[in-house]
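Written out below as structure tokens is the structure these notes cover.
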Amino acid sequence: MPLTFPVKISTTEMHTGGEPLRIVESGLPELQGATLLDKINYMRNNLDEYRKLLMWEPRGHSDMFGMLLVTPDIESCDFACIFIHNEGYSTMCGHALIAFGRYAIEKGLVKTITSPETRVNIQCPCGPVTAYVTYDGQSTGAVRFQSVPCFVFKTDLAVEVPCYGQITVDIVYGGAFYAIVPAGQYGLDIRESKVSDLREAAGATTDILRKQLKLSHPDTEGVSHLFGTIMTDGNDANLEEITDTICVFAEREVDRSPCGSGTSSRIALQYFKNKVKVNQSRTFRGPSGDVFIAKVVKEVNCGKYRAVVTEVKGQGYFCGNSTFTLEENDVTGRGFLLQ
């Protein structure tokens, strides 16, 4: 389905840990479908030009991230969201939920406010997630969210990555599937190496695993896809130290924050490798230098897997508001990416 003219899309711009979030408020055609998955598929098949318009240049860039609000089909949820990025649509995004928790309170979308925290129930493509927004009566502060069940799909998986040799990764689900690997295996350093080098190594790992690895989730439809590769500093044992991480997802998109679903995956992996216990907090630092604090809340089951519910805490900030337009004869303005 082509774009409908005139095009005029209004957004609120936010960031969490430096990672952008473009919240679409108006200007898109109505998404058809009875369920959230139906609506995502409808947008993918019929309205994907709007994703490109908002995420790609000249209005966005290869590392832009966005979110649309739709009506939930889970009765217990207050909102449902669709996550968009350079490649398409993701199943979970923690940095977006942290920012959206604050957005929902300050924009008056939540009718009942409680102190010191307000609970917001959000339907994500991976399932229902609960956010808790700190509120003191005048302003909002940190937001924490509790994840869908997270589990380790496979440990110590050896894979031959072109140009890098044999690499050993762990495959973990934290609302999306990730490969987790210390950067040292590539001869790289999280804090010292160029982001472009980290991006390329992680992207090459994702590419080969997507070809070779068959993923499956026992309960949830539409999530059995390797979303990206998380490179770490290898520091999983010393809880007193901040541990560094970089998540490269979708089409080699670099998360500036520690990555919410990626942090859920990392803390879950550390739990199942007996590095942390329930309610033991760990601090994770992303490429921007900002941190998330995470812990395992409880152990649960997810199909045949032992799983955990994790909690990730961070802070979202408002950046401004945008109104985007498109002239009908502007072909380039419909979206492009330079890598």
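A compact table of results
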{"item": "For segment 170-213 and segment 267-316, distance of Cα centres in Å", "result": "19"}
{"item": "Order by protection proxy (mean Cβ within 10 Å, highest first), peptides 98-108, 296-306", "result": "98-108, 296-306"}
{"item": "Cα-based reach from LYS8 at 26 Å (exclusive), listing lysines while leaving out same-chain residues under 8 positions away", "result": "LYS39, LYS52, LYS107"}
{"item": "Whether segment 1-144 is rounded, prolate or oblate, judged on the alpha carbon gyration tensor where a/c under 1.5 counts as rounded", "result": "prolate"}
{"item": "Unsatisfied cross-links (Cα-Cα over 30 Å) in the set LYS214/LYS273; LYS214/LYS275; LYS111/LYS275; LYS211/LYS273", "result": "LYS111/LYS275"}
{"item": "20 °C / 1.002 mPa s Stokes-Einstein diffusion coefficient of segment 92-198, Kirkwood radius on C-alpha pairs, µm²/s", "result": "129"}
{"item": "Percent RCO, i.e. relative contact order, over segment 1-123, from Cα pairs under 8 Å lying at least 6 residues apart", "result": "23"}
{"item": "Proximal lysines to LYS277, defined as alpha-carbon separation beneath 23 angstrom and excluding residues fewer than eight positions away on the same chain", "result": "LYS154, LYS295, LYS298, LYS304, LYS313"}
{"item": "Spatial extent of the chain: Rg and Dmax, with the Cα atoms as the point set, Å", "result": "19.2, 59"}
{"item": "Descending semi-axes in Å of segment 211-251, equivalent ellipsoid built from Cα gyration tensor", "result": "28, 13, 9"}
{"item": "Segment 137-290, Rg to Rh (Cα coordinates; Rh as Kirkwood inverse mean 1/r)", "result": "0.96"}
{"item": "Ordering of 117-130, 248-261 by packing [mean C-beta count within 10 Å, highest first]", "result": "248-261, 117-130"}
{"item": "Segment 81-131, Cα convex hull volume normalised per residue, Å³", "result": "76"}
{"item": "Dipole of the chain, positive end: most advanced residue of ASN274, ILE190, GLN339 [Cβ charges, Cα centre]", "result": "ASN274"}
{"item": "222 nm mean residue ellipticity, helices alone, for the chain (DSSP H n ≥ 4; -39,500 (n - 2.57); rounded to 500)", "result": "-6000 deg cm²/dmol"}
{"item": "ASN46 paired with LYS275, simple spin-label distance in nm, labels 7 Å along Cα-to-beta-carbon", "result": "4.5"}
{"item": "Rg ratio (alpha-carbon, reference 2.2 N^0.38 Å) - segment 238-326", "result": "1.28"}
{"item": "Three-way shape label, segment 24-71, alpha-carbon gyration tensor, a/c 1.5", "result": "prolate"}
{"item": "Fraction of beta bridges assigned by DSSP in the chain that are antiparallel (%, nearest 5)", "result": "85"}
{"item": "Å² of accessible area per residue within the chain, as computed with a 1.4 Å probe and no ligands counted", "result": "42"}
{"item": "Stokes-Einstein translational diffusion, segment 161-226 - Kirkwood Rh over all Cα pairs, 1.567 mPa s, 4 °C, in µm²/s", "result": "100"}
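The values are calculated or read from the model by the stated rules, or taken from the named source; none is laboratory data. Everything quoted here is computed from the prediction, not taken from an experiment. Cβ: placed from backbone, ideal geometry, glycine included. Neighbour counts: every protein chain shown. These area figures cover heavy atoms from the full protein model, side chains too; ligands, DNA and RNA do not enter into them. Shrake-Rupley method; radii C 1.70, N 1.55, O 1.52, S 1.80 Å.
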